[in-house]
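Structure first, commentary second.
The values are calculated or read from the model by the stated rules, or taken from the named source; none is laboratory data. It should be emphasised that the depicted structure is a prediction, and the values quoted were computed from it without experimental measurement. Here Cβ is always computed from backbone atoms with ideal geometry, including for glycine, and neighbour counts include all displayed protein chains. The area values use the complete protein model at the heavy-atom level, side chains included, leaving out ligands, DNA and RNA. Shrake-Rupley method; radii C 1.70, N 1.55, O 1.52, S 1.80 Å.
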Amino acid sequence: MAEEKGFSMGTLQERWQGVGRTRQLVVMIIAAALFISILLYIFTPQRIEYVTLYRNLDSAQAAPLVQYLRDRGVAYRLEDFGTTIQVPAAVADELRIEMAGQDMPFSQGLGFELFDEDQLGITDFDRQVKLQRALQEELRRTITSLDAVSQARVHLAIPEQRVFLSERGNPSAAITLTLNPFVSIKEEQVRGIVFLVASSVEGLKAENIVVIDTQGNVLHDALSSSDPVMAMADSTLKQLEIKRAFEVELERRVQRMLEQVFGPGRALTLITAEMDFDAREMTLITYDEQGVPRSTQVIHEEFEGTGPVMGEVGEANYPGYIGAVPGGDSRYERSEEIINYEISESSERVIAAPGKIINLHTSVVVDTGENQVTAEEIEQVNLLVASAIGYDDMRGDQISVQGMRFDTTFADEMKAAMADLEAQQRREEMFQLAVLGGFALLALIIIIVIWRRRRRMREQLLVPVSEGRSLDDLLAAGLAEEEYVPEVAPGRTPLGRARKIVEENPEIAVSVFRSWMVED
């Protein structure tokens with residue numbers, strides 16, 4: 001059994017020696033690296049994973065949090081210049097619940113929690129100050145709930161209450177916003193913040209609120225909103241923006257349609273829109289031709305008997321005047337009907353919204369290239385553009401379609417330059433690939449040559465040795481063979497080659513001699 005074990009150890013040693021020096025070195029390096037990795041894994045303590053507990057804190061808010069963690073003996077890290085607190089992930093959720101129960105995140109900015117505990121002997125002034133602090137903090141919390149706002153500071157200036165209304169001042173507010181760099185704030189959101197604060201403070205008007213960011217940019221100016229000149233300028237700028245946005249939308253629609261017909265870059269469209277931004281209110285009253293009877297009064301008188309005869313008297317220009325004439329029987333009858341008519345009328349109130357289109361002026365230029373655009377094609381383009389922009393002849397719209405040859409010299413030069421640049425880049429890439437391929441091929445050839453030489457040397461060294469012949473006999477046989485070929489150079493004889501191999505590769509020669517000794 002011992003002999004078998006010794007034989008296996010000897011075989012393993014022979015295989016290890018026959019592997020080669022380079023492979024032995026690689027195996028040793030791998031084994032050492034594996035051993036060091038195991039030692040580092042065993043003796044290195046496990047790294048603690050930290051997560052964010054609170055972020056975007058100022059110094060006043062971070063101080064009590066850090067002190068609370070120190071008192072609890074919890075490990076923590078400060079990031080982002082002290083505005084972010086990180087704790088181990090295993091205790092993060094528990095700490096959030098505990099601190100939320102104690103109002104720790106807002107320990108330096110309490111809202112209406114200031115009134116949770118009433119104090120004896122508090123004055124009206126102290127109560128007013130507390131109310132202002134609580135209101136500022138509540139507004140700050142609401143504003144920071146927006147995605148575009150990271151932090152906010154709200155400063156309220158509330159004047160003291162006076163007996164007479166004429167002596168009371170107007171409250172004002174100043175708001176500073178720390179904006180989120182990844183989310184842009186919109187103008188509508190700024191107006192929403194302004195109206196939120198104005199609605200939360202009694203007597204506060206939107207024009208008395210100023211909003212800025214931490215870079216000093218004015219987001220809402222109380223002075224400009226109350227200045228009529230600035231308000232008019234802002235209104236004019238907004239009207240120009242609306243007008244240009246409308247023109248760009250029409251140009252985009254027409255341009256996309258023409259490029260589908262003539263190809264990209266073969267047509268140019270410009271549209272000018274005249275718009276009316278005046279708001280009008282008009283009341284129209286119309287009367288019907290026929291009146292509607294409202295009331296009717298009928299009077300009928302009749303008399304018959306003896307007495308003076310009633311006759312017409314007076315001048316002829318007073319017809320119908322009845323007077324008494326002496327003599328005979330008389331009969332009198334009079335009918336009168338009075339009808340009051342009501343004139344019917346209808347009232348209509350019309351409010352014209354601003355932004356009415358007065359007229360459109362459209363100019364279209366089509367690239368003729370080498371061929372001339374025909375009149376029929378221009379007419380077709382005219383009809384297409386008219387349909388696309390909503391052409392109205394009664395409104396005074398105008399469309400001009402012309403065919404011209406575009407100057408593409410600069411574009412052709414840029415295209416040629418880009419083509420030359422791309423060709424140069426491709427040549428450089430091909431040259432790099434060729435160099436890499438040449439190096440790879442050269443390395444492969446060198447490896448094949450070395451492998452063949454090593455294989456040839458092994459075949460020369462591992463010559464089967466007949467039993468009963470020693471190394472001296474082999475050398476003597478080699479000398480005897482050399483005597484038959486005296487014209488061969490010493491380096492080309494078997495003995496010379498053996499000496500050369502021994503000089504160049506002593507390790508291989510030693511391994512061969514050792515194997516011979518083991519066999520003997």
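Looking at (1) within 20 Å of the chain's Cα centre (by Cα); (2) exposed (fewer than 12 other Cβ atoms within 10 Å of the Cβ), which is the only condition Arg162 fails?
Against the list (1) within 20 Å of the chain's Cα centre (by Cα); (2) exposed (fewer than 12 other Cβ atoms within 10 Å of the Cβ), Arg162 comes up short only on (1).
For region 364-411, enumerate the residues that are touching a Leu at 6+ places or on another chain (Cβ under 9 Å) and either basic (Lys, Arg) or open to solvent by 70 Å² or more (accessible area, probe 1.4 Å) (or both).
Those that are touching a Leu at 6+ places or on another chain (Cβ under 9 Å) and either basic (Lys, Arg) or open to solvent by 70 Å² or more (accessible area, probe 1.4 Å) (or both): Leu384, Tyr391, Arg395, Gln398.
Checking the condition touching a Phe, Trp or Tyr at 6+ places or on another chain (Cβ under 7 Å) and not hydrophobic (A, V, I, L, M, F, W, C), which residue from Glu160, Glu138 passes?
When all the criteria are applied, what remains is Glu138.
Might you check whether a residue that is at pLDDT 80 or above and either in a loop (DSSP other than H, G, I, E, B) or on the phi > 0 side of the Ramachandran plot (or both) occurs anywhere in region 275-292?
The answer is yes, given that some residue of region 275-292 is at pLDDT 80 or above and either in a loop (DSSP other than H, G, I, E, B) or on the phi > 0 side of the Ramachandran plot (or both).
Of the residues that sit in region 171-222 and are of a type in the set (S, T, N, Q), assigned to a loop (DSSP other than H, G, I, E, B) and surrounded by 12 or more Cβ atoms within 10 Å (Cβ to Cβ), which one is modelled with the lowest pLDDT?
Asn180
Determine which member of the set Ala423, Ala417, Ala352 is in contact with a strand residue (DSSP E or B) (Cβ under 7 Å, 6 or more places away or on another chain) and either open to solvent by 90 Å² or more (accessible area, probe 1.4 Å) or farther than 14 Å from Thr269 by Cβ (or both).
When all the criteria are applied, what remains is Ala352.
Would you mind stating whether Val163 is out of contact with any Gly (no Cβ under 9 Å at 6 or more places or on another chain), among the β-branched types (Val, Ile, Thr) and modelled with pLDDT under 85?
Considered against the rule, which asks whether it is out of contact with any Gly (no Cβ under 9 Å at 6 or more places or on another chain), among the β-branched types (Val, Ile, Thr) and modelled with pLDDT under 85, Val163 comes out as yes.
Regarding Val385, is this residue under 12 Å from Phe262 (Cβ atoms) and at pLDDT 85 or above?
No, not satisfied.
Find the residue count for region 233-264, including only residues that are closer than 16 Å to Val401 by Cα and open to solvent by less than 90 Å² (accessible area, probe 1.4 Å).
Residues in region 233-264 being closer than 16 Å to Val401 by Cα and open to solvent by less than 90 Å² (accessible area, probe 1.4 Å): 8 in total.
If a residue must be part of a helix (DSSP H, G or I) and either touching a Pro at 6+ places or on another chain (Cβ under 9 Å) or within 17 Å of Met275 (Cβ to Cβ) (or both), how many such residues does region 354-395 contain?
Total satisfying the criteria: 1.
May I ask you to list the residues in region 143-155 that are over 18 Å from Pro171 (Cβ atoms) and of a type outside the set (D, E, K, R)?
Taking region 143-155 and keeping what is over 18 Å from Pro171 (Cβ atoms), we get 144-152.
Correct list: Thr144, Ser145, Leu146, Ala148, Val149, Ser150, Gln151, Ala152.
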